[in-house]
Each structure stands twice: as structure tokens, then as C-alpha cells.
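Visitor: Got a structure for you, questions after.
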Amino acid sequence: MKILVINCGSSSLKYQLIDMDNESVVAKGLCERIGIEGSKLTHKADGKEDYVVEREMPTHVTAIEMVMEALQDAKYGVIKDTSEIAAVGHRVLHAGTVYSDSIIVNEDVKRVIKECFDLGPLHNPANLMGIEACEKAMPGTPNVAVWDTGFGMKMPEKAYTYAIPHEYMEKYSLRRYGFHGTSHLYVSGEVLKFAGLDPEKGKVIVCHLGNGSSISASIGGKCVDTSMGLTPLEGLVMGTRSGDVDPAVVQFICNKEGKDVNEVLNILNKKSGVLGISGVSSDFRDLGAAAEEGNERAKVALEVFVYRVAKYIGAYVAAMNGVDAIAFTAGVGENDMKTRKDVCAYLGYLGVEIDDEANNCRGKRQMISTPNSKVKVMILPTNEELAIARETLRLV
Ligand code: AMP
């Protein structure tokens, strides 16, 4: 059975066609610059040359039409017709407090996605367009919404409640939600298997360290806490996002720089994080190179990043009264051995011991702790598309 996974951004659309009989990727691709001049589709199919189509894509509907053409193309395609696609799984950012479990899309689900436009102003409209485009292109084929907030929605009230007047929670569902849910769902579940932990009681911390970064604590795969909040701005220091700051910082910058709240929030989202501290780059490869060349601000940026991760790990060990396994995932977590080593250097009190040779590894599932380590530490590459495809299969 083949499942198409769709991940729509405001001007992009990523897709993967996955054969669920063996969970292999049959074809995948990317539509870029949707609604902007110079749109392009890049399609890669197993065992075939890459296929690039440069044609205007005014909307996501055109993008989906082009994806369907590419999938069925005589030379580059992988299916004869769309009836081979059993279902479509969509990554959808937000359902407010209405849904946490993945769900087959109907009119009610679409209404909720729309009602949550203010909680996900960039993603929810694009996600809805992707769903409607698939409904048009493949009438009768089920669409499944897999919420990026789904994993975090399972955290307990004491973890999701902001200590602000309760009326805001009641009126606006103003609470912590958590994001990167499909990644935390996938990785925490795989860690339980890979580390041979009790599937009901295994205590796992997942460090999703990429351009956007978040961390989660889960017991038996169920979220205990996760670092992103109402929006992805809360928590760890990221490529361009500040993570946790005293909210008074916003007022202070507004007053001193004559800016309004929206402008300062934009700075905290897009010009802060390791980019803001270093002034060098948001890319960890650039930062590592600059730090090696003696750039002091790049060094401080990396130290602040690592320190925040270590601090959250400590907090989550307290939240779970222990931890059995810690996993690193996403661009930095999977590839940057120095960041992993530096984070683990804080964890001696937990009995964490890293095997430097095993840690000298990139992008593959691997245990990096020694056999004597009291906590198992590993690299576990994330696979959000597969998580979405598994959820879709489960429902259809
Ligand atoms: P993601 O958002 O998960 O795609 O991760 C992107 C981040 O991963 C960027 O900041 C990259 O610098 C970082 N990254 C990718 N490869 C490496 C590497 N070999 N060493 C350090 N960082 C890397």
C-alpha cells in the first residue's frame, strides 16, 4: 500500500510517496517558490534520474497537480495512476485544543484548521490549501491530518499551563502546545525499541537540534514535557530564535529602539539565537568554523546553545525522576559530534559516559554511550514523513 505524505509551507510543498509494505521511499520531491516568480519542482524517484520542472505555480493546487504529473510521468514516474495512492497524510501545524490525535479529514476538521489560522498564521493556511488541493486532484482518496502539536498535546496540565490569568486560557486556549511533534513521536518511539526499553515505562529525552530546536521528555512514548510553547519561539536557543527570554526584554527593546511588539517578536524569531549572539551565521557548520578560527562571539553562541540543552535535560530528568535514554536528532543532533560531546560533558552526574569513537559518526542510528554508561545515549535520525505515513496507515 502506497501513502503520499505532504508537508506544505507557505511557499513550498515537500512530498514523499512511501510503500508501507516495507516503509521504503518510492519517490520524493519539493515544490519551491509557490506563488512567487520562478517556481520549480524537483522530483527524485528510486533508481531514476532527477526530474526538474520549472513552471509557474501560482497556488498549492497547481503544485499538487504538478506532483501528480511527476508521479505518473512515463519516464520519471513511479505509478500508473492515482488510484495506487491509498491515502494522503498531511503534516498540519495546529488544531488548538480541539484535536491531538491524527484524524481523517472531513468538513469539521477543515473548519478547525481554519479556526486556528491565528495560532499558525504561516502554516495552517498552507496546510489547508494542500488538503483541498489533494481533495480536488484525488476525489475519494482519504486525507489524514497529523498535527505537529499532537505529541505535545499529551503533556499534563502542570506542564502546559502558563502562570498567567486563567481567563486567557479559557478565552483563547492560551497554553503551551509544543511543536516538532512528528519528530518527537517518531524518535521517542524508535528509541524505546533501539535501546531495548520497557515500552510502557521507558524514560526518554529527545534532543531535536536543527535550525529549529526543541527537546522532549516522554515516558513510554507519552509526552511529559516539551520545550516549545504557544509558538515555536519558547525553549532552546535555535538558529535564529531566541528560545526562553524574560518577556520584559520585549518591552525594553520596544522602548529603547522605538519598535512595536510585532517588530521585536520578528527579531526574536528571525534575528536572534546563535545568529544573533554570534553575528556570524545561523548555520552550525559556519559557527564551528568561525569558533575554530578564534571568533569569540561564535564560541559564546555555541556555549550558550549547549548550556541551554544541558539545562533542559537536567529539568526533564527531574520531571521524570530519572532518564533511561537520551537521543540526538535533526541536522545538528545527527551530524555535529562536538555539540553532542559538549552537551554530554554536562551529564557526568547522571553517569553518562560517551564513547568518542562511536560518537565520531554522522546521520546514522548509533549508540554513542559506553556499555558502562548509566544512561544510554544515541544518535537516532528523525523521519517525520515516515511518522506521518504510519499514522495515516493506522487510520485508513
Ligand atoms: P535541520 O533544521 O534539521 O535541517 O538542521 C539544519 C542545521 O544542521 C544547520 O544549522 C546545519 O548547520 C546543521 N548541520 C548539518 N550538517 C552539519 C554538520 N556536519 N555539522 C554541524 N552541523 C550540521
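The values are calculated or read from the model by the stated rules, or taken from the named source; none is laboratory data. In this text, all values refer to a predicted model and were calculated from it rather than measured experimentally. So basically every Cβ, Gly included, is an ideal-geometry build from the backbone, and we count neighbours across all protein chains shown.
Visitor: In the set 244, 225, which member is charged (D, E, K, R), under 19 Å from residue 159 (Cα atoms), part of a strand (DSSP E or B) and modelled with pLDDT of 95 or more? So that I can check it myself, show each step before the final result.
Guide: On the way: 244 fails: part of a strand (DSSP E or B).
On inspection, the qualifying residue turns out to be 225.
Visitor: While we're on this one: Please enumerate the residues belonging to segment 156-179 that are without any contact (Cβ under 8 Å) to a residue 60 or more places away in the chain and within 19 Å of the chain's Cα centre (by Cα).
Guide: 160, 176, 178
Visitor: Report every pair of residues separated by at least 6 positions or lying on different chains whose Cβ atoms are under 8 Å apart, first residue within segment 115-138 and outside any helix (DSSP H, G or I), second among the small types (Gly, Ala, Ser).
Guide: 116/95; 116/96; 119/96; 119/173; 122/9; 122/10
Visitor: Which of the residues belonging to segment 335-362 are aromatic (Phe, Trp, Tyr) and either within 12 Å of the ligand (Cβ to nearest atom) or within 24 Å of residue 299 (Cβ to Cβ) (or both)?
Guide: Once the filter is applied, which keeps residues that are aromatic (Phe, Trp, Tyr) and either within 12 Å of the ligand (Cβ to nearest atom) or within 24 Å of residue 299 (Cβ to Cβ) (or both), segment 335-362 yields only 346.
Visitor: Identify, by number, the condition in (1) assigned to a helix (DSSP H, G or I); (2) touching a Lys or Arg at 6+ places or on another chain (Cβ under 8 Å) that residue 185 doesn't meet.
Guide: Checking residue 185 against (1) assigned to a helix (DSSP H, G or I); (2) touching a Lys or Arg at 6+ places or on another chain (Cβ under 8 Å), the one that fails is (2).
Visitor: Restricting to segment 295-335, what's the tally of residues that are under 24 Å from residue 374 (Cβ atoms) and among the acidic types (Asp, Glu)?
Guide: Within segment 295-335, the subset under 24 Å from residue 374 (Cβ atoms) is 306-329, 333-334.
Cutting the leftovers down to among the acidic types (Asp, Glu) gives us 324, 334.
Here the count works out to 2.
Visitor: When segment 147-163 is examined, which residues are found to be in contact with a strand residue (DSSP E or B) (Cβ under 6 Å, 6 or more places away or on another chain) and not in a loop (DSSP other than H, G, I, E, B)?
Guide: Answer for segment 147-163, where residues must be in contact with a strand residue (DSSP E or B) (Cβ under 6 Å, 6 or more places away or on another chain) and not in a loop (DSSP other than H, G, I, E, B): 147, 152, 154, 159.
Yes or no, residue by residue, for (1) buried (at least 23 other Cβ atoms within 10 Å of the Cβ); (2) in a helix (DSSP H, G or I):
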position: 299; (1), (2): no, yes
position: 307; (1), (2): no, yes
position: 314; (1), (2): no, yes
position: 333; (1), (2): yes, yes
position: 363; (1), (2): no, no
position: 387; (1), (2): yes, yes
position: 391; (1), (2): yes, yes
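Visitor: Let me ask you something else. Consider segment 154-168. How many of its residues are hydrophobic (A, V, I, L, M, F, W, C) and loosely packed, with under 12 Cβ neighbours inside 10 Å?
Guide: Initially, segment 154-168 is screened for residues hydrophobic (A, V, I, L, M, F, W, C), giving 155, 159, 163-164.
Those still in the list that are loosely packed, with under 12 Cβ neighbours inside 10 Å too: 163-164.
Within segment 154-168, residues that are hydrophobic (A, V, I, L, M, F, W, C) and loosely packed, with under 12 Cβ neighbours inside 10 Å number 2.
Visitor: Now a separate question. Just checking, does segment 288-307 include any residue being of a type outside the set (Asp, Glu), in contact with a strand residue (DSSP E or B) (Cβ under 6 Å, 6 or more places away or on another chain) and more than 16 Å from the ligand (Cβ to nearest atom)? Explain how you work it out, then say what you get.
Guide: As a first pass, look at segment 288-307 and keep what is of a type outside the set (Asp, Glu): 288-291, 294-295, 297-302, 304-307.
After this cut, where a residue has to be in contact with a strand residue (DSSP E or B) (Cβ under 6 Å, 6 or more places away or on another chain) as well, the list is none.
Among the residues of segment 288-307, not one is of a type outside the set (Asp, Glu), in contact with a strand residue (DSSP E or B) (Cβ under 6 Å, 6 or more places away or on another chain) and more than 16 Å from the ligand (Cβ to nearest atom), which makes the answer no.
Visitor: All but one of (1) within 16 Å of the ligand (Cβ to nearest atom); (2) within 26 Å of residue 155 (Cβ to Cβ); (3) of a type in the set (A, V, I, L, M) hold for residue 313, so report the exception by its number.
Guide: In the conditions (1) within 16 Å of the ligand (Cβ to nearest atom); (2) within 26 Å of residue 155 (Cβ to Cβ); (3) of a type in the set (A, V, I, L, M), residue 313 misses (1) alone.
Visitor: Would you check if residue 98 is of a type in the set (A, V, I, L, M), free of Cβ contacts under 8 Å to residues at least 40 places away in the same chain and part of a loop (DSSP other than H, G, I, E, B)? Full working, then the answer.
Guide: Numbers: of a type in the set (A, V, I, L, M): yes; free of Cβ contacts under 8 Å to residues at least 40 places away in the same chain: yes; part of a loop (DSSP other than H, G, I, E, B): yes.
For residue 98, the condition - of a type in the set (A, V, I, L, M), free of Cβ contacts under 8 Å to residues at least 40 places away in the same chain and part of a loop (DSSP other than H, G, I, E, B) - is met.
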